[in-house]
Amino acid sequence: KARRNSLENLKSSVFTPAGLEGDEDLQFLLDGGNLVKIRSSSWKKPRFYRLQDDCKTLWHESKKTLRPSRTFTLDDIESVRKGRQSEGLKKHTDASVEELCFSIFFKGSKKNLDLMAASDVEATRWVKALDKVLNNMRNLSHQKKSEHWIINCMRKADKNADNKMTLKELKHFLRQINVEVDDTYAEEIFKKCDTSNSDSLEDSEIKHFYDMLTHREEIDVIYGQYSKTEGQMSASDLLNFLLNEQREQATPEDAYKLIEKYEVDEIAKQKKRMTKDGFLMYLHHDDGSILNPAHKPVYQDMSQPLNHYYISSSHNTYLMEDQVKGPSSTEAYIRALMKSCRCVELDCWDGDNGEPVIYHGYTMTSKVLFREVIQAIKDYAFKTSEYPVILSLENHCTLEQQKLMAHYLISILGEALLSKPLGYTIPTNFPSPEELKGKFLIKGKRLNKLDAFFNKNNTIEDDSVSEEDEAADFKENKQNGQKKSKIKLAKQLSDIVIYCKSVHFSGFEHARDNQDFYEMSSFKESKAFNLADTSATAFCHHNMDKLSRIYPAGSRTNSSNYNPVPMWNVGCQIVALNFQTPSKEMHLNQGRFLPNGFCGYILKPEFQRSLSSQFNPNTLTKGPWLKRKTFHVMVVSGQQLPKINKEKHKSIVDPLVRVEVCGVPADNASKETHYIDNNGFNPTWNESFKFVIHVPELALVRFVVEDYDSTSQNDLIGHYCLPLTSVQNGYRHVPLLTKRGDVICSAGLFVHLMLIDAK
């Protein structure tokens, strides 16, 4: 019935999203209206905007002769924000029009669209309506997204909009969905469906064609093995599947719940049975996903000391692009925080008119005001995670501007700024993420110890301190090894550094004997990797009661990243990466922090927290970390993989799948399937791999789908990464993400997984 309703959309002039039939806000967008597009103080021009009939594309007029209109898809939108939220609107409009403005922010590097409506009511209506349609799209089931995608492709192929499909249109449609077939096969499909012999498909013939197209033989085989009750799965059959194939500790009650939740046929549901459609529905939802649904919300103990967690961390957060001449922006902070980054960096310098600024010193990167960054951080820090955010200050400012920095931090962040230790006695250990919910911690230099808060006679004045290690390293490179410089530190700024006091690293023994738990060091990647190679156990012990921050080498001017896995292997918490750079390293970071509510904190394994542990990721002596497993992976099939070269009308992908395991050196491995010629719609591999895992608690699994090319480097189609400990056994669907980490709506892999104790 649901599929029939979706196919009715082919006959309609408007493709109505499920759940929005007759919706007033949707109709408002379809009707459209005039808005003022703003590019600069002098470029403010009226443009007509409206949602197109596919309900997925926003159209607007353009005054360019060659392109009288332009469009962009709603899939490209990251967020819609009311008010003067963008840097452009703040710069080019007056505060008096605050309520008339709104901005559309896009995924990736596309510039945001700044708009102004005629009234507050109209601006609110646009934002509300766009948000509603976007949320509807994002909350559709995988099956619904798949149907919508296919039907939209059908509509695009129907060039003359007569709700019929000729053989030529059918071939065009197949190319749209990433399938290349020879003319003979296309004609064969067409004839099989054209039962009326009218040389065009319509109504039930299109439905027949749709059913043929979306038929999945591998699901037929699996369902057929377990459906032992009049061709359907009884609750007992389903339980048998859950126990034997999915290796779940399921009960009859669990089977009943799944039937109630996913079965689409009411008669089957009454008989406590699951049809093939219901079974497919189950496989496409969280219960059938590769990621254990119990690990999606916050499920870990969040009451451990802060240093017992990996913390999602960003380096040079202010940069949108490279480290030399790229733009600095408050938007870069917003994007990182919305990805649950919990440690952001602020590179602070004296600015004009007495106002401190943030930019990459000694380079041509643009500057952004410190106070604007702090305001943006306050507004967006806790929208995706309520756990604490660390502001890592790299301070190059003079005393006067430091005092202004302290003023902004205190006045803008208010009570959310942690300005004194928790409790009434001198602390001996970090508080937990749970205790620090909704709080900001400042990481930076401090003039004295935390004992000062409990010593009434304590009086300190502004004094000199050595520069932050990262700043000194950078300056050393510039000044050919001159002695590390010192800067004056304002008391006001020093006083708000509580649990993250920056100190120079002078060796693990020195740190153990002389540093308090809250005194932490930053390591450039070369130093950190050398320590991880030569003193791994000592590094692990150091991180059991202190925090460590790792940052990329200054030579990475293109904002590339180092591999974070070896740093997590030795228990480093703040492994800072260039969030603005889509890369394998960022994919691993996204995978590491995917479970536990995507909150930016992951509890380290027990052997990285216990002082008695002698764990060394490089040698793997016997210990509680050694839990040898065999990981069996069968890559079965792929669904609706996107076209890579959309400009080339006839371009079809040749997909292959690579499965990677990233963890301790002994576990690192990579295996890949053969490639499939000219089929991105429903390729089938049925290839099996075996991996031996020694330390499963540190292993990440990454699926990579590429478009094979014999003459050049393969292009990335999609990827997905998650911790091995969060993988579900059995037949599972794997969602796919773009290079920048956004979900590809209808695409996915179908795999069979088995993680068992090694013999």
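The values are calculated or read from the model by the stated rules, or taken from the named source; none is laboratory data. Just so you know, these numbers come straight off a predicted model, no measurement behind them. Because the Cβ atoms are built from the backbone with ideal geometry, glycine has one as well, and the counts that use them run over all protein chains shown. Remember, those area values only see protein heavy atoms, side chains included, never the ligands or the DNA or RNA. Shrake-Rupley method; radii C 1.70, N 1.55, O 1.52, S 1.80 Å.
For the chain, what is the percent of antiparallel DSSP beta bridges, rounded to the nearest 5?
Bridges in the chain are about 75 percent antiparallel.
Spelling out what I want: for every residue of region 613-625, take phi, set θ = phi - 60°, compute 6.51 cos²θ - 1.76 cosθ + 1.60 (Karplus), and round to whole Hz; glycine and proline get x.
In residue order, the calculated couplings are 5, 10, 5, 9, x, 8, 10, 6, 5, 5, x, x, 7 Hz.
Find the centroid of the Cα atoms in region 157-221 and in region 491-565, then give the distance between the two in whole Å.
With region 157-221 and region 491-565 each reduced to a Cα centre, they are spaced 60 Å.
Whenever you get a sec, compute what percent of the accessible area on the chain sits on carbon and sulfur atoms (1.4 Å probe).
Carbon and sulfur: 48 percent of the exposed surface of the chain.
Which one is right for this structure if mean projected area of the Cα convex hull in nm² is calculated from it: (i) 34.1; (ii) 37.3; (iii) 35.7?
Working out mean projected area of the Cα convex hull in nm² from the coordinates points to (ii).
Please list 3J(HN,Hα) in residue order for region 122-133, calculated via the Karplus relation 6.51 cos²θ - 1.76 cosθ + 1.60 where θ = phi - 60°; whole Hz, with x for glycine and proline.
5, 4, 4, 5, 4, 5, 4, 5, 5, 4, 5, 5
Cβ under 9 Å from V497's Cβ, V497 left aside: what net charge do those residues give with Lys, Arg +1 and Asp, Glu -1?
With Lys, Arg at +1 and Asp, Glu at -1, the neighbours total +3.
At 7 Å along the Cα-to-beta-carbon direction for both E217 and T398, put a label point, then send me their distance in nm to one decimal.
The answer from the label model is 7.7 nm.
Once R0 is set to 22 Å, what does the formula 1/(1 + (r/R0)^6) return for the Cβ-Cβ distance between D709 and N558, expressed as a FRET efficiency to the nearest 0.05?
0.40
Y309's amide H: which non-local residues (gap 5+, or another chain) put their own amide H closer than 5 Å, with H modeled 1.01 Å from N in plane and none for Pro or chain starts?
Under 5 Å from the amide H of Y309: K604.
I'd like the projected area of region 637-759, averaged over all directions, using the convex hull of its alpha carbons. Report it in nm² with one decimal.
Taking the Cα atoms of region 637-759, their convex hull projects to 8.4 nm² on average.
Which whole-Hz ³J(HN,Hα) couplings does region 153-164 yield from phi under the Karplus relation 6.51 cos²θ - 1.76 cosθ + 1.60, θ = phi - 60°, glycine and proline marked x?
5, 4, 5, 5, 6, 7, 4, 9, 6, 9, 6, 10
Check which residues have an amide H placed less than 5 Å from I498's amide H, if you skip close sequence neighbours.
Close amide H contacts, sequence-distant or interchain: I442.
Could you state the accessible area per residue of the chain in Å², with a 1.4 Å probe and every protein chain left in place?
Value for the chain: 43 Å² per residue.
Whose amide H sits under 5 Å from the amide H of I717, counting only residues 5 or more places off or on another chain, with H placed in the peptide plane?
Placed amide hydrogens put V705, E706, D707 under 5 Å from I717.
Cα centroid distance between region 300-323 and region 106-154, in Å?
Cα centroid to Cα centroid, the span is 30 Å.
Leaving ligands, DNA and RNA out of it, rank E21, E188, E147 by accessible area with a 1.4 Å probe, largest first. List each step's numbers first, then the result.
Values: E21 125, E188 100, E147 15 Å².
The residues order as E21, E188, E147, largest area first.
Counting only helical runs of four or more DSSP H residues, what would the 222 nm mean residue ellipticity of the chain come to if each run contributes -39,500 (n - 2.57) and the total is spread over all its residues?
Taken over the chain, the calculation gives -8500 deg cm²/dmol.
Just to be sure I follow the definition: excluding the sites themselves, where is the longest run in the chain that has none of the chymotrypsin sites (Phe, Trp or Tyr not before Pro) in a DSSP loop with at most 10 other Cβ atoms within 10 Å?
On the way: sites that count: W43, Y424.
So the longest stretch without any such site is 44-423.
As I understand it, the dipole of the chain uses +1 on the Cβ of Lys and Arg and -1 on the Cβ of Asp and Glu, about the Cα centre. Which of P252, H542, P655 lies farthest toward its positive end?
About the Cα centre, the residue reaching furthest to the positive side is H542.
Quick check: from the Cα gyration tensor, does region 368-439 come out rounded (a/c under 1.5), prolate or oblate?
Oblate is the answer for region 368-439, as a/c is 1.5 or above yet b/c matches or exceeds a/b.
Can you give me the C-alpha center-to-center distance between region 655-703 and region 585-654, rounded to a whole angstrom?
Measuring centre to centre over Cα atoms gives 11 Å.
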